[in-house]
Amino acid sequence: MDITSLQNPRIKQVVKLRERRTRDHEGLMLVEGIYEIETARQSGWQPRTIYVAPELSGKKLVRDAKVELVTVTKSVFEKMSYRENPDGWLAVFPIPERTLSSLSLSKQPFIIAAESIGKPGNLGAILRTADAAGVDALLLCDPLTDLYNPNVVRASRGTVFTVPAVQTTSAQALSWLHERGIKILAATPGADSPYDAFDMRQPIAIAVGTEDQGLSDFWLNNADANVRIPMVGVVNSLNVSISTAVIAYEVVRQRNVKV
């Protein structure tokens, strides 16, 4: 066993990576779970270090000359873990430099612009929808939680590695969309038009807002159209991740994507 002490400096540093300021300073992120680690690697991401607890993993360890593999005791792993019932696998990955200029778009781009999302679970669910619906990019505008929060990684089921996602400002995102001739649909309960009344076969961006306040006036005033999801019950809005999924799959339907 390589590390057996709970006070080992390397273990303490891993634990600190749960904090955003440490991730930002070190340029590193945590990925826990063998499924998520393998998804990241299959998507071209290379871990710096993989920590494994053989007592928990139940999987034969295969050494990789390109990646440092460190074995730890069960108690040490549980100190590093941020999950219930951990599977004994945790990796440290470099955070990639993703920018708007680095995004590659299809001929008919499909973008999701999510403004000020604060809950990791919602951001993770939006990433899963973006992956499933085949979006070209996810723009995280003025985010309240960062893309590389361990709980976002967990909630996304690894799709944080498969979806081209960029953290940016709303102003920069709007300018980028306008430069590329991409129409913007702002989702808001106060809109007059239902979401399925708009032609989504053209280059399109769906703008969605915070869980409690919705989109800011910046997006509502600058969108090409404001649309709503019809509500027939007593509530007047859906969870942001559900709203995103509903409208995203209207794009899929209109474009006749076969799945």
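The values are calculated or read from the model by the stated rules, or taken from the named source; none is laboratory data. Predicted, not measured: the structure shown is a model, and the values here were computed from it. Positions of Cβ are generated from backbone atoms using ideal geometry, with glycine treated the same way; all protein chains shown enter the neighbour counts.
If you filter the stretch 185-206 down to residues that are part of a strand (DSSP E or B) and touching a Leu at 6+ places or on another chain (Cβ under 6 Å), you find that the one that is farthest from V252 (Cα to Cα) is A186.
Applying the condition of being over 17 Å from the mean Cα position of the chain (by Cα) and in contact (Cβ under 8 Å) with a residue 60 or more places away in the chain to the stretch 219-248 and asking which residue is surrounded by the fewest Cβ atoms within 10 Å (Cβ to Cβ) yields W219.
Scanning the stretch 30-43 turns up no residue that is at pLDDT 95 or above, farther than 18 Å from R154 by Cα and either surrounded by fewer than 18 Cβ atoms within 10 Å (Cβ to Cβ) or touching a helix residue (DSSP H, G or I) at 6+ places or on another chain (Cβ under 9 Å) (or both).
Restricting the stretch 143-172 to residues that are in a loop (DSSP other than H, G, I, E, B) and among the hydroxyl-bearing types (S, T, Y) leaves a set whose member that is surrounded by the fewest Cβ atoms within 10 Å (Cβ to Cβ) is T169.
Report yes if some residue within the stretch 119-134 is outside any helix (DSSP H, G or I) and under 30 Å from A186 (Cβ atoms); otherwise report no. Yes. On inspection, E97 passes the criterion of being surrounded by fewer than 16 Cβ atoms within 10 Å (Cβ to Cβ), without any contact (Cβ under 8 Å) to a residue 24 or more places away in the chain and within 25 Å of A130 (Cα to Cα). Criterion applied to I50, I11 was being assigned to a strand (DSSP E or B) and in contact (Cβ under 8 Å) with a residue 40 or more places away in the chain, and the one residue passing it is I50.
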